[in-house]
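Right, one structure below, let's go through it.
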Amino acid sequence: MVHWQGDVKSFHILARGPVPIARKVAAMISTARTTKGTKRTGSFTRTGATAVLLSGAIAWFTGAGCSTTKHAPTQTPNATATTAANPTATSLPAGTATTTRSATSSHTSTQTRTGTQTQTATPMPSATASATRTASRTATASRTSTRTFTTSSTCAATQSCTVVATPVGLVNLGTAGNFAVLAMSGISTVPASAITGDIGVSPAAATYITGFSLTMDSSNQYSTSTQVVGNVYASDYSPPTPANMTTAILDMQTAYTDAAGRAAGVTELGAGNIGGLTLVPGVYSWSSGLLIPTNVTLAGSATDVWIFQIAQNLTVSNGTIVQLSGGAQAQNIFWQVAGLVDAGTTSHLEGNILTYTSIALQTGASINGRLLAQTAVTLDSSTVVQP
């Protein structure tokens with residue numbers, strides 16, 4: 001008996017017969033291998049010698065020695081293929097597009113122009129096609145620019161630079177403004193100096209005014225000198241001179257304090273060396289001394305004001321000239337000096353010098369302005385013209 005099942009990959013010959021029958025069975029199996037898509041099960045019993053090939057490559061043996069029992073094959077069809085149709089497409093009219101997008105944006109900008117800028121950005125990265133992004137930006141980009149001056153990148157003593165500053169108000173000299181030279185401890189000269197305006201000392205007495213060959217007026221309220229176009233006053237002259245001198249000294253000190261207290265628009269210009277510069281109106285301040293080694297120009301109108309605040313000494317080199325242009329007036333210029341003032345030989349200054357200590361004009365030095373010192377003033381064939 002031969003039994004086979006399935007896709008004919010395995011079969012069993014249970015009872016062997018003649019070789020021709022075995023060959024026919026092998027042929028049947030080969031035929032069955034070529035038949036796809038059908039699984040068959042069959043069995044046959046050898047009782048004869050004749051084999052009949054049934055449809056579907058199933059052998060049925062008849063004749064002598066073969067049983068007439070026919071085993072119908074059992075057929076299991078291939079698995080049914082199920083095809084799901086594509087989803088129904090909904091067509092939009094030509095030129096129509098539908099996009100869904102979610103975006104949140106917050107922008108804050110504050111601008112006041114002070115030179116400080118802060119920027120914060122916090123993006124939220126998106127992991128999906130529909131992104132939600134929040135961006136916050138705060139910008140403070142304001143500048144409070146009181147542009148007080150403009151100068152070249154370097155202003156050495158030999159260079160010509162222009163500085164621009166903001167205008168300021170006058171310093172009130174009070175009754176100290178009535179004097180060309182005013183000092184507290186003394187005034188001396190090496191003849192012959194030339195002074196246009198009054199000079200005076202207080203609380204020092206007249207004996208501390210030297211080199212002038214004074215001549216007392218009959219009123220004893222003032223004296224005169226050939227070197228002074230004006231009067232000479234001292235604290236020990238007859239009234240009302242003493243009281244007037246005390247007031248003048250107090251006004252000088254008040255003016256010094258006023259000038260020193262003004263807000264500076266320019267600080268540390270030239271690192272304390274302003275030789276060769278052209279300065280326009282404003283308040284200039286130095287925490288050190290100030291050197292003027294070469295000519296300086298103050299350019300401005302007749303109503304413009306300059307205030308120079310110097311924490312240490314003011315030194316003007318020999319032959320150096322401070323000159324005015326554009327109608328600038330010496331009476332509107334104030335040099336507030338915490339240290340001493342030393343004007344070199346034949347040098348020339350413009351403006352009112354308010355010093356906490358002393359002033360010295362060397363041989364041939366001159367000033368168109370006032371010398372107001374809280375200690376002494378020394379002249380040497382010098383020229384002082386009260387504006």
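Can we say Ile353 is over 20 Å from Thr254 (Cα atoms) and in contact with a strand residue (DSSP E or B) (Cβ under 9 Å, 6 or more places away or on another chain)? Criteria not met by Ile353.
Check whether at least one residue in region 348-361 is of a type in the set (Gly, Ala, Ser), in contact with a Ser or Thr (Cβ under 6 Å, 6 or more places away or on another chain) and closer than 22 Å to Val266 by Cβ, and report yes or no. No, there is no match, as no residue in region 348-361 is of a type in the set (Gly, Ala, Ser), in contact with a Ser or Thr (Cβ under 6 Å, 6 or more places away or on another chain) and closer than 22 Å to Val266 by Cβ. Does Ala180 fit the bill of being touching a strand residue (DSSP E or B) at 6+ places or on another chain (Cβ under 9 Å), part of a strand (DSSP E or B) and touching a residue at least 60 places away in the same chain (Cβ under 8 Å)? Yes, satisfied. Taking (1) under 32 Å from the mean Cα position of the chain (by Cα); (2) not in a strand (DSSP E or B) in turn, Ser285 satisfies each apart from (2).
Does Ala299 satisfy being in the same structural domain as Asp251 (by TED's automatic domain parsing), farther than 19 Å from Val266 by Cβ, in contact (Cβ under 8 Å) with a residue 12 or more places away in the chain and in contact with a strand residue (DSSP E or B) (Cβ under 6 Å, 6 or more places away or on another chain)? Answer is no for this residue. Across region 209-262, the number of residues qualifying as free of Cβ contacts under 8 Å to residues at least 12 places away in the same chain and buried (at least 20 other Cβ atoms within 10 Å of the Cβ) comes to 0.
Does Gly174 satisfy the criteria of being in the same structural domain as Gln362 (by TED's automatic domain parsing), within 14 Å of Thr246 (Cβ to Cβ) and either at pLDDT below 95 or over 49 Å from the mean Cα position of the chain (by Cα) (or both)? Here the answer is no, as Gly174 does not meet what is asked. Here Ala183 does not fit the description of being crowded, with 22+ Cβ neighbours inside 10 Å, within 48 Å of the chain's Cα centre (by Cα) and either over 15 Å from Ala255 (Cα atoms) or among the small types (Gly, Ala, Ser) (or both). Any idea which of (1) under 20 Å from Ile353 (Cα atoms); (2) surrounded by fewer than 18 Cβ atoms within 10 Å (Cβ to Cβ); (3) at pLDDT 95 or above is the one Gly169 doesn't satisfy? The single condition Gly169 does not satisfy is (3).
The values are calculated or read from the model by the stated rules, or taken from the named source; none is laboratory data. If you're wondering where the values come from, they're calculated on a predicted model, not measured in any experiment. Because the Cβ atoms are built from the backbone with ideal geometry, glycine has one as well, and the counts that use them run over all protein chains shown.
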